Amino acid sequence: MESKKIECDTYNYYGSKPEGEIQTREIHKSPSARVEKSRQLYFETKSSASVEFPYWYTRKWEELEGEIPIVRRAEALKAGFEHLTPAIFPGELLVLGKSHYLRGSYPMPWLSEAFFMAHEDRLYKDALEAGKVSADEVTTMGQGGGNVTKSIGNVLSIAGKFGLRKEEMPILLDVAKKWHNKSVDDVGHKYEQLVPGYHEKEEIMRAVICMFDSGYTLPQGREVMNYYYPLQYGIEGIKNICDEKLKQAAGYPGMDRIYFYKSVYTMLEGLQSWIKNHAEEAKLMASLEEDENDKSEYLEIAERLEWLAINPPRTFHDALQLVWIFHVAVLNEDAISGLSPGRLGQVLYPFWKRDMDKGILSRERSLELLECMRMKFTELDCFASMGVVGGVLSGNTFNNLCLGGLTKDGESAANELEMLILESAMTCDTPQPTLSLLYDEKLPEEFLLKGIECTKIGTGYPAWINNRVAMEFLLNNFKNEGMTLEEVRAWSIGGCLETSAGSWMPLDLDGVTHYIPGGSAPATSVGVHFISLPKVLEAVLFDGLDKRTGRRVYPAHGYNLESYEEVWKAFQEYFSLTVEVLTLTNNIQHDVWGKISPSIINSMLKPDCLETGKDISNKGSRYNRTFNVEICGGVNLVNSLASLKKNVFEEKNFSLATLKQALEENFGYISALETGSYSLTEQKQTQNFQTWLKTHKQCLDAPKFGNDNKYVDNIFKEWQEWFSGMCENYRSLYDEPLYSCQISVSTHGPMGAVTLATPDGRLGGTTFADGSVSAYPGTDQNGPYALFSSATCYNHASSQNSQLNMKIHPSVIKGREGARKFLEMIRAYLRKGGFHVQFNIVDSRMLKDAQQNPDKYRGLMVRVAGFTQYWVELGKQIQDEVIARTEYAEI
Amino acid sequence: MEVNQQISGTIFDIQGFSVHDGPGARSLIFLKGCSLNCFWCCNPEGISKENIPLFYASRCIGCGNCETFCPNNAIQFIAEKPVIDRTICEKCHDHSCLDNCYTDALRMSGRTISVDELFSIIQRDRQFWGSEGGITLTGGEPLLQIDFAHNILKKCYESYIHTAIETCGNVPWKNFELVIDHLDWIFFDLKQIDPKQHETGTGTSNTNIINNVRKLNETFNGKLIFRLPFIPGFNSSRENLAGIASLILETKWKEINLLPLHHLGRNKYQLLGLEFKADKFPIPSPEELQTAKEIFEEFGLTCFIGQDTPF
């Protein structure tokens, strides 16, 4: 017989390799010559930090001591924008960036000043003491690409990733010290200690049971931009609105409004200076340029910027430039990851269509502009601590652009511009913006197959998202804030996978109203960020201790753990305690953030802040139930519970005491932290490994999630339902219940690194399963349909998201038939109620080769968990996990 | 014949999302046992009709448990590695050797499954096939376990599931007779037109196979695609291809799918302790395949190479 039986398990889980040639991805395209040059320039560029913005911000802030805080902040931000050195790079059609470096960013000491200090600095040591940088200590940063992980010559490495010119370091330290005891981090820390249970919180952070505090690390993001006001009114137009509103509010009760409008006005002045400075720079470049064509391009840029500093856009090109300006402006006011442009193809469509109808824009030019946009988004860096940037984000900025979904009146929202956006993501295959396709039965087949074509290039986007499941979640979540069926259709993904509420805004163009979607909620993923479920289970088994450090994290639970039910009960208690203290302390941090470092530009953009005069930290947004509980390692928890239940309590293959000893001795293997290999495929045994061979086999043989095995799937379902329900017992800063969120991002690497071996047979220090419903690498041995069945064993709409990552060998979906069948498979999973699925279309052997020879693979991208990243910029913990994932292949 | 749900079969895999063996995305069911013994077979673990152990040498730590626990003395340790007499294993239903191999160096290929259990897996899978799709029985030779194959095909067919088999053709005609009413699609392998050469390559003459082709032409009204495993130096001659084309021209079907020889099954021969004879035969070049395709086209047939098919 010639059917080629799958052999994936034998070379993933069991470590031997098939032979034959490495298969490359099927589809390769190239961007325009202009953009290819930009991309090569980008590849040569390192992540660079500057101190311009923080210097001027801090200087202004100090000058204005005693001013109303939000006004003081607006002035400080304005000073920062005014003093940013303008920079325009050759060949750009869209201009402006976070700083004058191509891949630039800067620390924001007003949020947290300690983390980027040199290790020997006293401030850093203080942070270490409080367990605040434990995640940094256990994170591995990708060593290649644009990461500056070591100081070179006159460039110092800070926060594990960014290069800073040596002469700027004293300035940075000087500025940072000025924020000591004044930053959101420090002030928040002072007040969070008032929470009873703060002691446990500190121990939880030290044990890396929780990855990070969101209030001072990434207080904004995981949300969707709303570009309506600038597109409709232009900057001067918004200033006029502020003026009007100020007159109406001055002297009347609710005085905070006037400070808000004043702040917005001030900020916009700062942006105008920033834009005009770039216009001047463009003129200067034009005067120096000898090539007539380039000269006229610079002059066009100058003209466009001068226009946009005041007016609403005239053309698609104008509109795209203005969108970009506001995107960067928001990113420059806070440390943000996951600021998503949302359904940009639908926002910009009216402008694009008008230009196309007028005959002043071609498809080729549109594509080139979209490619330029991709480069701008790809150049973005997020400056945060190493634990956050490496351990959570893998250096990614999560600017998720969504396609498809429904219009206000419930019809397919896909359009021709979105087809071009998909095309540009293939011709210019860079990590940002990442794409998500909001799948709905109403979408046309042609559009879906274009999405498949893009998925097949292998970079992991678009992610396939279930529109109806998201709508069900949002309708339920925001019902108390008046969410309607019509409005829920305006939703989009914010960040990697955070379902976010949106609104339809009435864009008037030549007297015709176009309802464009945009975000209308603040950061939808703040609160309790990444609880490591296997680590909580470890604490349960060892009665509250962190076995890595030997420290007590939780009070002893007092159970003898003589039954499975007792284990489950103790787990629920520890988990609940964790959520409780982290909710309370994070509420305080976010409150302090809103007082010291409120969002001004982003608030202005979000409906209905400009109407009500309230910023987003004062519930100015239309929707405010946005705090959540994020978890990591759920599948390892469930597999471990299944193993405990079966091996210890039902079949009594070994006692709990024996199991604990096996875990402590890592089943006779050398710790992954020593070997530097973070998946099960490559582990080294110790002298006495034979002692634990049988126990380890029994643990590995216990039922594993992802095989349509009801024994373990029922445990999964019970956990899911309990988790989503219990989140509602806690209330956010905005006095709304919390909800559950299930994305691992990259946390499964560092959080796995600090966790002992687990009862499912996973070895100590190795990376957890990614995502939320992805099987642990190599354990899904019954094919994709069994995996789909397990993954859909509960209602995905009960949570903000679910996440399924799959690795498929390029040969499986080759050709036209392959494309059609691939779509059928995705559609079938979504129809069964799956919320999200994404793919790596890659030969695992290529990834291994890339690990050995990174220089050959500068442009190789892979999908991790909700995002696409350059292979060389990923930490080894994550690289090993991606290689080990079960690959669906035929040989 | 009534569908008997107590009937069981021996399979060695179920593979979901299979995209090359029939229309749509399919579930492939690999039945054990084959009446041929082709030297290039890429699923050699499917040739024996019994469950047999595969040995992953790289995982073996030489602990000797398998030898100790084997009740039939089928395993002997030579140079710290087990040497397995699989003719003994084929008759054994005691799995102590596997249970006590803690590193999973020994793994069983094959398991017994009832029609009911298999059907419930198919019912699960059909939700994910999409608008086309179905099942394809393969192996091994799927029509050797004829009761099992018949029952599962009938049950699927009556449940509106698209059914296909991939057969070497070397089974008694009555086996075909039993299943053709419940089949939508047949992949029928032709390897060599010359009976002697056929016997050299597969261990058996092709007389029965050719007879079955002719009988199917008279009785089977579904779709049939011929498949030719293309092995340079064994069946690549113009003479052989012309002979096969002539046979096909006798039938109402006009499509042939060339399956180029590959060496990817080599690893499995190691797991079974067998010699991989196909190593001596080269993988065909695109030019050779194109030439073969043109020969079939000269005869007015439609020829697809490898996975480049319209289904």
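Given the conditions (1) in contact (Cβ under 8 Å) with a residue 60 or more places away in the chain; (2) among the basic types (K, R); (3) under 30 Å from A:I878 (Cα atoms), which single one is not true for A:K408?
Going through the list (1) in contact (Cβ under 8 Å) with a residue 60 or more places away in the chain; (2) among the basic types (K, R); (3) under 30 Å from A:I878 (Cα atoms), A:K408 breaks only (3).
Within the stretch A:656-674, is even one residue more than 14 Å from chain B (Cβ to nearest Cβ) and farther than 22 Å from A:A539 by Cα?
Looking through the stretch A:656-674, at least one residue is more than 14 Å from chain B (Cβ to nearest Cβ) and farther than 22 Å from A:A539 by Cα.
Does A:L847 satisfy the condition of being within 13 Å of chain B (Cβ to nearest Cβ), in a helix (DSSP H, G or I) and not basic (K, R)?
Answer is no for this residue.
Of all residues in the stretch B:54-98 being away from chain A (no Cβ under 14 Å) and within 26 Å of A:L680 (Cβ to Cβ), which is farthest from the chain's Cα centre (by Cα)?
The residue in question is B:E80.
Go over the candidates B:I165, B:I209, B:I180 one by one and state the one that is part of a helix (DSSP H, G or I), within 30 Å of B:S131 (Cβ to Cβ) and either in contact (Cβ under 8 Å) with a residue 12 or more places away in the chain or in contact with a strand residue (DSSP E or B) (Cβ under 8 Å, 6 or more places away or on another chain) (or both).
After applying the criteria, what remains is B:I180.
Condition check ((1) assigned to a loop (DSSP other than H, G, I, E, B); (2) farther than 21 Å from B:H20 by Cα; (3) free of Cβ contacts under 8 Å to residues at least 12 places away in the same chain) across all residues:
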site: B:L228; (1), (2), (3): no, no, no
site: B:A242; (1), (2), (3): no, yes, no
site: B:I248; (1), (2), (3): no, yes, no
site: B:P284; (1), (2), (3): yes, no, no
site: B:I295; (1), (2), (3): no, yes, no
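When the residues of the stretch B:13-53 are narrowed to those that are in contact with a Pro (Cβ under 7 Å, 6 or more places away or on another chain) and more than 7 Å from chain A (Cβ to nearest Cβ), which ends up surrounded by the fewest Cβ atoms within 10 Å (Cβ to Cβ)?
B:W40
Could you identify the single residue in B:E166, B:E158 that is charged (D, E, K, R), within 28 Å of B:F17 (Cα to Cα) and within 12 Å of another protein chain (Cβ to nearest Cβ)?
None of the other options fit; the residue is B:E166.
Go through the residues of the stretch B:137-146 one by one and say whether even a single one is surrounded by fewer than 24 Cβ atoms within 10 Å (Cβ to Cβ) and at pLDDT 95 or above.
Yes, that holds for at least one residue.
Among A:A757, A:A797, A:A786, which is surrounded by fewer than 24 Cβ atoms within 10 Å (Cβ to Cβ), more than 14 Å from chain B (Cβ to nearest Cβ) and among the aliphatic types (A, V, I, L, M)?
The conditions single out A:A797.
Name every residue in the stretch A:800-835 that is of a type in the set (D, E, K, R), facing another protein chain (nearest Cβ under 7 Å) and over 27 Å from A:S492 (Cβ atoms), in order of residue number.
A:K814, A:E817, A:K821
Pick from B:D194, B:D189: which is acidic (D, E), within 14 Å of another protein chain (Cβ to nearest Cβ) and either more than 19 Å from the chain's Cα centre (by Cα) or over 25 Å from B:F119 (Cα atoms) (or both)?
Only one candidate qualifies: B:D189.
Yes/no matrix, rows are residues, columns are (1) under 25 Å from A:S263 (Cα atoms); (2) among the hydroxyl-bearing types (S, T, Y); (3) in contact with a strand residue (DSSP E or B) (Cβ under 8 Å, 6 or more places away or on another chain):
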{"site": "A:W307", "(1), (2), (3)": "yes, no, no"}
{"site": "A:N311", "(1), (2), (3)": "yes, no, no"}
{"site": "A:V330", "(1), (2), (3)": "yes, no, yes"}
{"site": "A:V347", "(1), (2), (3)": "no, no, yes"}
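Yes or no: A:I841 surrounded by 21 or more Cβ atoms within 10 Å (Cβ to Cβ), within 14 Å of chain B (Cβ to nearest Cβ), in contact (Cβ under 8 Å) with a residue 12 or more places away in the chain and in contact with a Pro (Cβ under 6 Å, 6 or more places away or on another chain)?
Against the criterion (surrounded by 21 or more Cβ atoms within 10 Å (Cβ to Cβ), within 14 Å of chain B (Cβ to nearest Cβ), in contact (Cβ under 8 Å) with a residue 12 or more places away in the chain and in contact with a Pro (Cβ under 6 Å, 6 or more places away or on another chain)), A:I841 qualifies.
Given the residues B:E218, B:E199, which is the only one that is under 29 Å from B:P23 (Cβ atoms), assigned by TED's automatic domain parsing to the domain that holds B:G140 and surrounded by fewer than 17 Cβ atoms within 10 Å (Cβ to Cβ)?
Being under 29 Å from B:P23 (Cβ atoms), assigned by TED's automatic domain parsing to the domain that holds B:G140 and surrounded by fewer than 17 Cβ atoms within 10 Å (Cβ to Cβ) holds for just one of B:E218, B:E199, which is B:E218.
Looking only at the stretch A:426-448, how many residues end up being closer than 18 Å to A:I841 by Cβ and under 19 Å from the mean Cα position of the chain (by Cα)?
Summing the residues that are closer than 18 Å to A:I841 by Cβ and under 19 Å from the mean Cα position of the chain (by Cα) in the stretch A:426-448 gives 7.
Among the candidates B:G133, B:G140, which residue alone is over 26 Å from B:K277 (Cβ atoms), in contact (Cβ under 8 Å) with a residue 60 or more places away in the chain and either out of contact with any strand residue (DSSP E or B) (no Cβ under 6 Å at 6 or more places or on another chain) or among the small types (G, A, S) (or both)?
Testing whether each residue is over 26 Å from B:K277 (Cβ atoms), in contact (Cβ under 8 Å) with a residue 60 or more places away in the chain and either out of contact with any strand residue (DSSP E or B) (no Cβ under 6 Å at 6 or more places or on another chain) or among the small types (G, A, S) (or both) leaves just B:G133.
Quick one: which residue in A:K821, A:K856 is surrounded by fewer than 21 Cβ atoms within 10 Å (Cβ to Cβ) and either more than 17 Å from the chain's Cα centre (by Cα) or farther than 18 Å from B:G24 by Cα (or both)?
After ruling out the rest, the residue left standing is A:K856.
With a cut-off of at least 2 residues that are within 19 Å of A:F530 (Cβ to Cβ), out of contact with any Leu (no Cβ under 6 Å at 6 or more places or on another chain) and modelled with pLDDT of 95 or more, name the strands (runs of 3 or more DSSP E) lying wholly within the stretch A:111-228.
Output list is empty.
Would you check if there is a residue in the stretch A:870-890 being within 14 Å of chain B (Cβ to nearest Cβ) and among the hydroxyl-bearing types (S, T, Y)?
Yes, the stretch A:870-890 contains a residue that is within 14 Å of chain B (Cβ to nearest Cβ) and among the hydroxyl-bearing types (S, T, Y).
Consider A:A523 against the criteria (1) modelled with pLDDT under 95; (2) small (G, A, S); (3) farther than 28 Å from A:A753 by Cα; (4) not in a loop (DSSP other than H, G, I, E, B): it satisfies all of them except one. Which criterion is unmet?
(4)
Does A:L420 satisfy the criteria of being surrounded by fewer than 24 Cβ atoms within 10 Å (Cβ to Cβ) and part of a helix (DSSP H, G or I)?
Spelling it out, A:L420 is indeed surrounded by fewer than 24 Cβ atoms within 10 Å (Cβ to Cβ) and part of a helix (DSSP H, G or I).
Of the conditions (1) at the interface with chain A (Cβ under 9 Å from one of its Cβ atoms); (2) among the polar types (S, T, N, Q); (3) within 30 Å of A:L830 (Cα to Cα), B:T103 clears all except one; give me its number.
All conditions pass for B:T103, except number (3).
May I ask you to say which residue of A:L438, A:L474 is assigned to a strand (DSSP E or B), touching a residue at least 12 places away in the same chain (Cβ under 8 Å), aliphatic (A, V, I, L, M) and under 24 Å from A:F398 (Cβ atoms)?
Of A:L438, A:L474, the one residue that is assigned to a strand (DSSP E or B), touching a residue at least 12 places away in the same chain (Cβ under 8 Å), aliphatic (A, V, I, L, M) and under 24 Å from A:F398 (Cβ atoms) is A:L438.
Which residues, counting only those in the stretch B:297-311, are surrounded by 13 or more Cβ atoms within 10 Å (Cβ to Cβ), assigned to a loop (DSSP other than H, G, I, E, B) and away from every other protein chain (no Cβ under 14 Å)?
B:F299, B:L301
The conditions are (1) within 14 Å of another protein chain (Cβ to nearest Cβ); (2) within 16 Å of A:T755 (Cβ to Cβ), and A:D708 fails exactly one of them. Which is it?
Checking A:D708 against (1) within 14 Å of another protein chain (Cβ to nearest Cβ); (2) within 16 Å of A:T755 (Cβ to Cβ), the one that fails is (2).
From the set of residues in the stretch B:131-155 that are at the interface with chain A (Cβ under 10 Å from one of its Cβ atoms) and in contact with a Gly (Cβ under 6 Å, 6 or more places away or on another chain), which is nearest to B:F17 (Cα to Cα)?
Restricting to residues being at the interface with chain A (Cβ under 10 Å from one of its Cβ atoms) and in contact with a Gly (Cβ under 6 Å, 6 or more places away or on another chain), the top hit is B:G133.
The values are calculated or read from the model by the stated rules, or taken from the named source; none is laboratory data. Since this is a predicted model, take the numbers as computed values, not measurements. Because the Cβ atoms are built from the backbone with ideal geometry, glycine has one as well, and the counts that use them run over all protein chains shown.
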